[in-house]
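Accompanying notes for the structure given below.
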Amino acid sequence: MIIPTDAKYYQKWVTTDWKHLHIRDMGSLSGSSFKIIEVATKRPGGNDTGGAPEKKQYDYVIYPETGEYGAWSYINWFIAWVLGVAGALIWTLLDRKSKNYNLLYYFLEVLVSYAMIVRLQGLTFSKIFPSQMPDLALTQLNTPFGDFVAQKLYWIQFSFVHNFERYAGYAELVIMFALLFRPTRAIGAALSIAMIGVIALANHTYDGGIHLLASFYIIGGAFVLWRYLPPIWNLIVHEKSTTLKIVYYPFSRPWEKWFRVAFKSFIFLFFFVISAYLHWDNYHNDSYKVPQNPGLANARGLYTVTDFKVNDTVVPYSPVDSLRWQDVTLEKWSTLSFTVFNTFDIHGEAGRGKQYKDIDRTYESAGTGGGRRHFYYEIDSVNKIIMLKNKNKVYESQVLQLHYQRLDANEILLKGNNEYGQPISMLLTRRPKQYLVYQGRNQQNIWTP
């Protein structure tokens, strides 16, 4: 379960541009694991690119009815278990003289501990420097609760309580440090079961997407903790004096000592220090989930569509009109969202990943239904044109070109063609709105348009 089976993982250690190491490289260098079969959702919009084969190339892909989050998602664990049992039987038949494998057990325990550290660091530091669940976008605050998929609800709960997100990150950092050192390894294993086990349960409940990774810490933690349990049981239950009769490799030769120090130092420097710095730099300079291109100047806010025309014919407001835009939200970055009464294939996950392009950064749009659509836009300030591109990968060919006019600080006039080629025009009027989620906090945190 700790052996990466993706050849690209090993290639990454050779092909990475080490002079310009980026946060997006860290995931490739730490996130691989045992995977023979890819479990995917076949429906359009099921994940980042609308289907696993388009996202990554796997030799074997299955599309169970439960998708990526059901029991079939554990198929690779079952394969690993079968291989493990078969290997144990063969080893038992071939080696009947050995009375124990204490040294092999020790090294396997070390490998499992380091695998837990390496896979955890990305989630740890993206919480400490809150970018895993960044600030709520206005479009999310203006979306009805029931229009989010379960996974999105789980993620955005952290987006407005960054102190709790940071707390979770520091707790994971304690686990990493505890697993790194021999005297505290059992404590780290126990904490990983207790804390990350809860995260595993939450991800199963909300289809959180990292249920496999989180569940690994239950099994890995149990494996590391297992040989500590008999003496603990003897001490607490039987109330007898006991000692930890655990065999460690002595590392008595000079080269062994140097290798141990060098390896542990590499893990600490790369997956603690460098990873922390890259996440800090990402958080302050280019958060990988939030678009960076600025939006229309001084236009952030929620807008009511006070006048809407199709083919120069006024379309009165109706909550069930399939053409009329009901409301529009403009972010401080270059994302525009609007609601229209129509169905579409939603981007059905929370918006994970470390994308380079703003149009691919879907945290504010993924997992949202209810007719709300999200567009990335580019501004031609000379000709007063906004070029809108649908952020949903199922509709990536959908492009709208609208002329804009700022009538005053709170009104914007848009004219152009909709996705059906029909001429449309609309008047957007900004609504002064305070959001209840921020009220009750100190005054500087209450957002005012």
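The values are calculated or read from the model by the stated rules, or taken from the named source; none is laboratory data. Fair warning: this is a prediction, and the values are worked out from it, not measured in the lab. Cβ placement follows ideal geometry from the backbone for every residue including glycine, while neighbour counts extend to all protein chains displayed. The area values use the complete protein model at the heavy-atom level, side chains included, leaving out ligands, DNA and RNA. Shrake-Rupley method; radii C 1.70, N 1.55, O 1.52, S 1.80 Å.
Considering only the stretch 384-406, how many residues are closer than 19 Å to L427 by Cα and open to solvent by 50 Å² or more (accessible area, probe 1.4 Å)?
So in the stretch 384-406, the residues closer than 19 Å to L427 by Cα come out as 384-388, 400-406.
So of that shortlist, the ones also open to solvent by 50 Å² or more (accessible area, probe 1.4 Å) come out as 384, 387, 401, 403, 405-406.
Residues in the stretch 384-406 being closer than 19 Å to L427 by Cα and open to solvent by 50 Å² or more (accessible area, probe 1.4 Å): 6 in total.
Of all residues in the stretch 71-126 being touching a helix residue (DSSP H, G or I) at 6+ places or on another chain (Cβ under 9 Å) and charged (D, E, K, R), which is most open to solvent (accessible area, probe 1.4 Å)?
Restricting to residues being touching a helix residue (DSSP H, G or I) at 6+ places or on another chain (Cβ under 9 Å) and charged (D, E, K, R), the top hit is R119.
Within the stretch 316-332, can one find any residue that is in contact (Cβ under 8 Å) with a residue 12 or more places away in the chain, in contact with a helix residue (DSSP H, G or I) (Cβ under 6 Å, 6 or more places away or on another chain), over 22 Å from Y377 (Cα atoms) and open to solvent by less than 30 Å² (accessible area, probe 1.4 Å)?
No, there is no match, as no residue in the stretch 316-332 is in contact (Cβ under 8 Å) with a residue 12 or more places away in the chain, in contact with a helix residue (DSSP H, G or I) (Cβ under 6 Å, 6 or more places away or on another chain), over 22 Å from Y377 (Cα atoms) and open to solvent by less than 30 Å² (accessible area, probe 1.4 Å).
Could you tell me which residue of the stretch 276-293 is nearest to the chain's Cα centre (by Cα), considering only residues that are of a type in the set (F, W, Y) and either open to solvent by 20 Å² or more (accessible area, probe 1.4 Å) or at pLDDT 90 or above (or both)?
Applying the first criterion (of a type in the set (F, W, Y)) to the stretch 276-293 yields 277, 280, 283, 288.
Going one step further and asking which of them are either open to solvent by 20 Å² or more (accessible area, probe 1.4 Å) or at pLDDT 90 or above (or both), we end up with 277, 280, 283.
Numbers: Y277: 19, W280: 17, Y283: 15 Å.
Result: Y283.
Can you pull out the residues in the stretch 333-347 that are buried (at least 21 other Cβ atoms within 10 Å of the Cβ) and touching a helix residue (DSSP H, G or I) at 6+ places or on another chain (Cβ under 8 Å)?
S334, T335, S337, H347
Return only the number of the condition from (1) part of a helix (DSSP H, G or I); (2) within 21 Å of M26 (Cβ to Cβ); (3) at pLDDT below 95 that M133 does not satisfy.
(1) is the only condition that M133 fails.
Can you tell me which residues in the stretch 421-437 are farther than 20 Å from E411 by Cβ and outside any strand (DSSP E or B)?
G421, Q422, Q434, Y435, L436, V437
Looking only at the stretch 2-42, how many residues end up being assigned to a helix (DSSP H, G or I) and open to solvent by less than 80 Å² (accessible area, probe 1.4 Å)? Step through it out loud before you land on a result.
Step one: of the stretch 2-42, the residues assigned to a helix (DSSP H, G or I) are 7-15, 18-20, 23-30.
Pick out the ones that are also open to solvent by less than 80 Å² (accessible area, probe 1.4 Å) and you get 7, 9, 12-13, 23-30.
Selection size over the stretch 2-42: 12.
Kindly indicate the residue of the stretch 239-264 that is in contact with a helix residue (DSSP H, G or I) (Cβ under 9 Å, 6 or more places away or on another chain) and of a type in the set (A, V, I, L, M) and also least open to solvent (accessible area, probe 1.4 Å) among those meeting that condition.
Result: I246.
Considering the stretch 351-371 alone, what residues qualify as being open to solvent by 10 Å² or more (accessible area, probe 1.4 Å) and among the charged types (D, E, K, R)?
R352, K354, K357, D358, D360
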